[in-house]
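To start, the structure itself, in structure tokens.
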Amino acid sequence: MPKNITASDFTRRLGDHYPDEQCHLDYDKDRPWTLLFAVILSAQCTDKRVNMVTPTLFSEFPDLGAYVAKPIETLESTIHSTGFYRNKARSIHKCAGQLLLKHNGVVPDTMEALTDLAGVGRKTANVILWNLFRKNIGFVVDTHVGRIAQRVGLSRQKTPVAIEKDLMKKLPQNKWGLLSHQLVQFGRDFCKAPRPKCEACFLNDICPKKGL
């Protein structure tokens, strides 16, 4: 018989295996914008690499004003190893200015205000809303989450926005933020691309393994 995974079984087993999963990006809780900039840097880059760069970045640019006042070339040099550094530097430079001018230096707590900032899309906004404000407004869909959602049969969609809509319909809203972190780690540990570790996976007996 074909295997079928239910949302409740999926959620329960992820919770049992990753009960306290959290964001792996390092940031300063007294300076919430540091998480925002770390997430911007994480695009097409590993969390490990970002965490190697941000201590220097947040030391050389200790407040939002520094990102506006210092030459953008200095910012580019500091974040160079994260890749796409010119685009990221422009986004962070502009975002810092927007935070100062429009939000009095405070990271906003709504999807609309966050996605109005330079370099911030739904994925980044969802990370910020959960980790800074404990708001489950949407579901973070990165490459790991998108891949897993398709393989376990929770979504047949291809785009992050469409996959997010499916996950929001099928998974409990009060667990969206936690589940997103659990799924990212699950993708790193088991449901890898292109070679998942199905034999060792704790979902092996119920996962339909779509696309494999």
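The values are calculated or read from the model by the stated rules, or taken from the named source; none is laboratory data. Keep in mind it's a predicted model, so treat the numbers as computed, not measured. All Cβ positions, glycine included, derive from the backbone under ideal geometry; neighbour counts span all protein chains shown.
A few comments on the model shown:
- Of all residues in the stretch 153-191, those being within 18 Å of Asp9 (Cβ to Cβ), not small (Gly, Ala, Ser) and not in a helix (DSSP H, G or I) number 5.
- Of all the numbered requirements in (1) among the hydrophobic types (A, V, I, L, M, F, W, C); (2) in the same structural domain as Cys191 (by TED's automatic domain parsing); (3) over 21 Å from Ala43 (Cα atoms); (4) within 16 Å of the chain's Cα centre (by Cα), Ala149 misses one, and that requirement is (3).
- Any hit, the stretch 123-141, residues being among the small types (Gly, Ala, Ser), closer than 30 Å to Leu64 by Cβ, touching a Leu at 6+ places or on another chain (Cβ under 7 Å) and not in a helix (DSSP H, G or I): no
- For Val50, the criteria (1) under 23 Å from Leu99 (Cα atoms); (2) surrounded by fewer than 18 Cβ atoms within 10 Å (Cβ to Cβ) hold in every case but one, which is (2).
Residue-wise test of (1) within 25 Å of Cys45 (Cα to Cα); (2) buried (at least 21 other Cβ atoms within 10 Å of the Cβ); (3) without any contact (Cβ under 8 Å) to a residue 12 or more places away in the chain; (4) of a type outside the set (S, T, N, Q).
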position: Lys94; (1), (2), (3), (4): yes, no, no, yes
position: Gly97; (1), (2), (3), (4): yes, no, no, yes
position: Leu101; (1), (2), (3), (4): no, no, yes, yes
position: Gly105; (1), (2), (3), (4): no, no, no, yes
position: Thr115; (1), (2), (3), (4): yes, no, yes, no
position: Asn126; (1), (2), (3), (4): yes, yes, no, no
position: His144; (1), (2), (3), (4): yes, no, no, yes
position: Ile163; (1), (2), (3), (4): yes, yes, no, yes
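- In summary, Ala7 fulfils each of the numbered conditions (1) more than 18 Å from the chain's Cα centre (by Cα); (2) more than 25 Å from Asn174 (Cβ to Cβ); (3) at pLDDT below 95 with the single exception of condition (2).
- The number of residues in the stretch 17-38 that are part of a helix (DSSP H, G or I) and either surrounded by 21 or more Cβ atoms within 10 Å (Cβ to Cβ) or free of Cβ contacts under 8 Å to residues at least 60 places away in the same chain (or both) comes to 6.
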